[in-house]
């Protein structure tokens, strides 16, 4: 395939990425993706100390110095999260019965470009996303005593219940060498969108400081600017050690949901730190280990307990009660021939949601803790490649008491399947 044809295909694919990017939805380590790009997804998100393609700058901007020449990496994933709510024993503030979220299949795009400036420096750009609070529980009839004073339907008496959170990052990168170190600097422009539906019982029950801006206000948008820095120490030809820090991103408020989120609609993006290492026991095998810490406690609307004696939307008001998450990731890459490389990964992370906070997290049951991944890369020649990734996330659940009626038991659970594919177009030096 000649360079002109590659460029046309890449341009068309980039347009598709930007067209579907508002649909970006993931929910694996809380609501952060476990990996960006098919290679790192197949490694369970490991590999910050061993970046080999343009998409890896999302994990560690310093890694761009390992990418040969100029390339475009385009990745798409089919994400299948299955979320269930169960209310047992007796009807309470939330409904009795078992109900599944109807939204369970999403297309997730990822775009990255990188280019060498010279042997000591490189630059790139990447578009990728987080999200994952996307749920859509059905509207079902509830009797009048169950939804006072006028009756209603759905889990919380307000019709179809759900939220839709999308976070998209546009990251630029400059990387350079300094002795045995590679250093990458990345400004980040972040966009996010949010909608909540069906929280009628809360809005009508005097739980909010601003009931008109609590639920059913369509999508609201916000934006902000942050930064990421990555450092890789090349300890030897066989071993690298990396440290990556992403700042908390101060986002503009969701004014349409100022009565839901603490501090008048504040919903910032938490900071994150990753420590990684990679080791090559042979020329054909690489072993990678990453430890990632996501500081959800940076953001009051995410981490404040749901039972604080304040109204929603107030300063330090109720939130989702999420704890910080530590994720440990191990990935193995094995090149079995000149054209084929196989990958395996496993990751384990904390569950951010405790039993005291199950009620509001019916909306966002980010409770999964294990990721089992595999995939491969097929060398297509001339620096081009096709990659595939598969992720299995087994079911996890959390159970707690419902609101107002202690005998009412609420259980939230989730499992996931993810299929990913990417194409690398080498554009030459």
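Brief remarks follow.
- Restricting attention to the range 221-240, the residues that are touching a residue at least 40 places away in the same chain (Cβ under 8 Å) and farther than 30 Å from residue 277 by Cβ total 2.
- Considering the range 168-182, the residues that are touching a helix residue (DSSP H, G or I) at 6+ places or on another chain (Cβ under 7 Å) and at pLDDT 95 or above include one that is surrounded by the most Cβ atoms within 10 Å (Cβ to Cβ), namely 175.
- Among the residues of the range 247-298, the ones that are in contact with a helix residue (DSSP H, G or I) (Cβ under 8 Å, 6 or more places away or on another chain) and over 30 Å from residue 204 (Cβ atoms) come to 4 in all.
- Among the criteria (1) in a strand (DSSP E or B); (2) over 19 Å from residue 79 (Cβ atoms); (3) modelled with pLDDT of 95 or more, the one residue 337 does not fulfil is (1).
- Extreme residue, modelled with the highest pLDDT, among residues of the range 137-167 that are at positive phi and surrounded by fewer than 21 Cβ atoms within 10 Å (Cβ to Cβ): 159
- Cβ-Cβ under 9 Å pairs, at least 6 apart or on other chains, the range 381-395 side at positive phi and touching a residue at least 40 places away in the same chain (Cβ under 8 Å), far side assigned to a strand (DSSP E or B) and crowded, with 16+ Cβ neighbours inside 10 Å: 382/426; 383/71; 383/424; 383/425; 383/426; 383/427
- Flag if residue 200 is surrounded by fewer than 23 Cβ atoms within 10 Å (Cβ to Cβ), over 26 Å from residue 64 (Cα atoms) and in contact with a strand residue (DSSP E or B) (Cβ under 9 Å, 6 or more places away or on another chain): yes
- Of all the criteria given as (1) buried (at least 20 other Cβ atoms within 10 Å of the Cβ); (2) more than 30 Å from residue 140 (Cα to Cα), the one not satisfied by residue 213 is (2).
- Residues of the range 14-51 that are at pLDDT 95 or above, assigned to a loop (DSSP other than H, G, I, E, B) and either over 17 Å from residue 277 (Cα atoms) or in contact with a helix residue (DSSP H, G or I) (Cβ under 9 Å, 6 or more places away or on another chain) (or both): 46, 47, 48, 49, 50, 51.
- Members of the range 354-370 found to be assigned to a loop (DSSP other than H, G, I, E, B) and over 9 Å from residue 400 (Cβ atoms), listed by number: 363, 364, 365, 366, 367, 368, 369
- Going through (1) surrounded by 23 or more Cβ atoms within 10 Å (Cβ to Cβ); (2) under 19 Å from residue 319 (Cβ atoms) one by one, residue 246 falls short only on (2).
- Across the range 105-121, the qualifying residues are those that are out of contact with any helix residue (DSSP H, G or I) (no Cβ under 9 Å at 6 or more places or on another chain) and assigned to a strand (DSSP E or B), and the one among them that is surrounded by the most Cβ atoms within 10 Å (Cβ to Cβ) is 117.
- Count of the range 400-411 residues, restricted to those that are out of contact with any helix residue (DSSP H, G or I) (no Cβ under 6 Å at 6 or more places or on another chain) and part of a strand (DSSP E or B), is 4.
- Of the residues contained in the range 76-85, none is found to be touching a residue at least 12 places away in the same chain (Cβ under 8 Å), surrounded by fewer than 24 Cβ atoms within 10 Å (Cβ to Cβ) and over 20 Å from residue 391 (Cβ atoms).
The values are calculated or read from the model by the stated rules, or taken from the named source; none is laboratory data. All of these numbers come straight from a predicted model, not from anything done at the bench. Every residue, glycine as well, gets a Cβ built from its backbone with ideal geometry; the counts of neighbours run over all protein chains shown.
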